[in-house]
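For reference, the structure discussed in these notes is given below.
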Ligand SMILES: Nc1ncnc2c1ncn2[C@@H]1O[C@H](COP(=O)(O)OP(=O)(O)OP(=O)(O)O)[C@@H](O)[C@H]1O
Ligand code: SF4
Ligand SMILES: [Mg+2]
């Protein structure tokens, strides 16, 4: 079966230039460096990793908001780079984005109704203003807001409500895939859970697929079917979310999960502590890029970049199985969030 989204060997290197009169290229930021993954219909794939590892750049490449250095993105088998004009517009309509900061992404001078009607006009949904008004009301209802909210301006809404408007705007074009880039990071815990539940509900009702970019491992564990872990522009592990959390196979995944746990007296020391900063993507380490921070690194790791085999890129992935597993990601904050997930309801518009 053809995957809804098929990303192959995607690479984005940003040139770094210096010089005042005569500019010359002095290096390249390897923001995304040969990333491959698929997303099936109705599936949620999470992208996780430390700041600067290339998550947002990957999302922007998928939506073709920026051009790749090399590699390919296919939607339903169609190569995006091969399309232009009407064909590209038609395909673009099927992929939309939800941003982290709904306030920054909404025009403060437009009412919420006009904000949502904009993509309807752009994509020719509804032939009259009355039809578009009906559609706007329908979209507002879908995200748990009321039709009369259409007359208000973004500043009249709370953070959670604004994110609901952002989601309604993304849904206006009738997409199959939503790239959600840290869509709940700016929200309080309880509101965060409600918006995550809304995303899960919309996925089920509309058959949506998500590329879900997040730092928040608790949210990822709750929402994602599969999870890809990125380090310095590459995917180092990609697995079913439950399996990845229960039995991480890459030392970096293990470290990331351990880092989500606060130190507690009596608790076993995490099997891998994540120490040191992420190296610069301008000048990544030789061999396996994780080797300066990896306790298992040996001479081979310093010279030879590991290939992705069975969802993990590590020369010593098998040795991981012998190590004790990190404690479950379930610290107090995450536990509270999970409580919210269980109890939060999406309706309660006024409380958001
Ligand atoms: N337009 C650009 N020009 C040069 N470098 C860029 C550009 N956009 C991103 N980068 C660099 O590419 C790397 C990846 O950035 P990206 O924003 O994709 O990371 P991220 O994983 O989304 O980080 P965060 O979690 O902080 O949002 C970073 O080193 C960043 O500085
Ligand atoms: S390849 Fe070597 S350095 Fe890289 S993660 Fe595996 S063990 Fe660590
Ligand atoms: Mg980002």
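With respect to residue 73, determine if the residue is in contact with a helix residue (DSSP H, G or I) (Cβ under 8 Å, 6 or more places away or on another chain), closer than 30 Å to residue 15 by Cβ and at pLDDT 90 or above. When the stated conditions are applied, residue 73 passes them. Does residue 26 meet the test of being assigned to a strand (DSSP E or B) and modelled with pLDDT of 95 or more? Here the answer is no, as residue 26 does not meet what is asked.
To keep it simple, each residue is scored yes or no on (1) modelled with pLDDT of 95 or more; (2) part of a loop (DSSP other than H, G, I, E, B); (3) in contact with a strand residue (DSSP E or B) (Cβ under 6 Å, 6 or more places away or on another chain).
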| position | (1), (2), (3) |
| --- | --- |
| 245 | no, no, no |
| 257 | no, no, no |
| 268 | no, yes, no |
| 271 | no, yes, no |
| 282 | no, yes, yes |
| 318 | no, no, no |
| 346 | no, yes, no |
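In segment 305-316, the qualifying residues are those that are modelled with pLDDT of 95 or more and surrounded by 13 or more Cβ atoms within 10 Å (Cβ to Cβ), and the one that is farthest from the chain's Cα centre (by Cα) is 315.
Taking the criterion of being out of contact with any helix residue (DSSP H, G or I) (no Cβ under 8 Å at 6 or more places or on another chain) and either assigned to a strand (DSSP E or B) or surrounded by fewer than 19 Cβ atoms within 10 Å (Cβ to Cβ) (or both), the residues of segment 95-107 that qualify are 101, 104. Of all residues in segment 292-316, none that is in contact (Cβ under 8 Å) with a residue 60 or more places away in the chain and closer than 16 Å to residue 279 by Cβ has its Cβ atom under 7 Å from the Cβ atom of a residue that is in a helix (DSSP H, G or I) and within 9 Å of ligand 2 (Cβ to nearest atom), 6 or more apart or on another chain. Condition check for residue 78 on (1) surrounded by fewer than 19 Cβ atoms within 10 Å (Cβ to Cβ); (2) closer than 22 Å to residue 180 by Cβ; (3) more than 8 Å from ligand 1 (Cβ to nearest atom): one failure, at (2).
Okay, residues lined up against (1) modelled with pLDDT under 90; (2) in a loop (DSSP other than H, G, I, E, B); (3) out of contact with any helix residue (DSSP H, G or I) (no Cβ under 6 Å at 6 or more places or on another chain); (4) crowded, with 22+ Cβ neighbours inside 10 Å:
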residue	(1), (2), (3), (4)
116	no, no, no, yes
131	no, no, yes, no
187	yes, yes, no, no
191	yes, no, no, no
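Close Cβ contacts (under 9 Å, 6 or more residues apart or on different chains) running from residues in segment 52-70 that are touching a residue at least 40 places away in the same chain (Cβ under 8 Å) and more than 18 Å from residue 220 (Cα to Cα) to residues that are within 16 Å of ligand 2 (Cβ to nearest atom) and assigned to a loop (DSSP other than H, G, I, E, B) comprise 52/232; 52/278; 57/233. Reported count of residues in segment 138-159, each being part of a helix (DSSP H, G or I) and within 10 Å of residue 103 (Cα to Cα), is 3.
The values are calculated or read from the model by the stated rules, or taken from the named source; none is laboratory data. The structure presented is a predicted model; accordingly, all values stated were derived computationally and were not measured. FYI the Cβ positions are ideal-geometry reconstructions off the backbone, even for glycines, and counts take in every protein chain you see.
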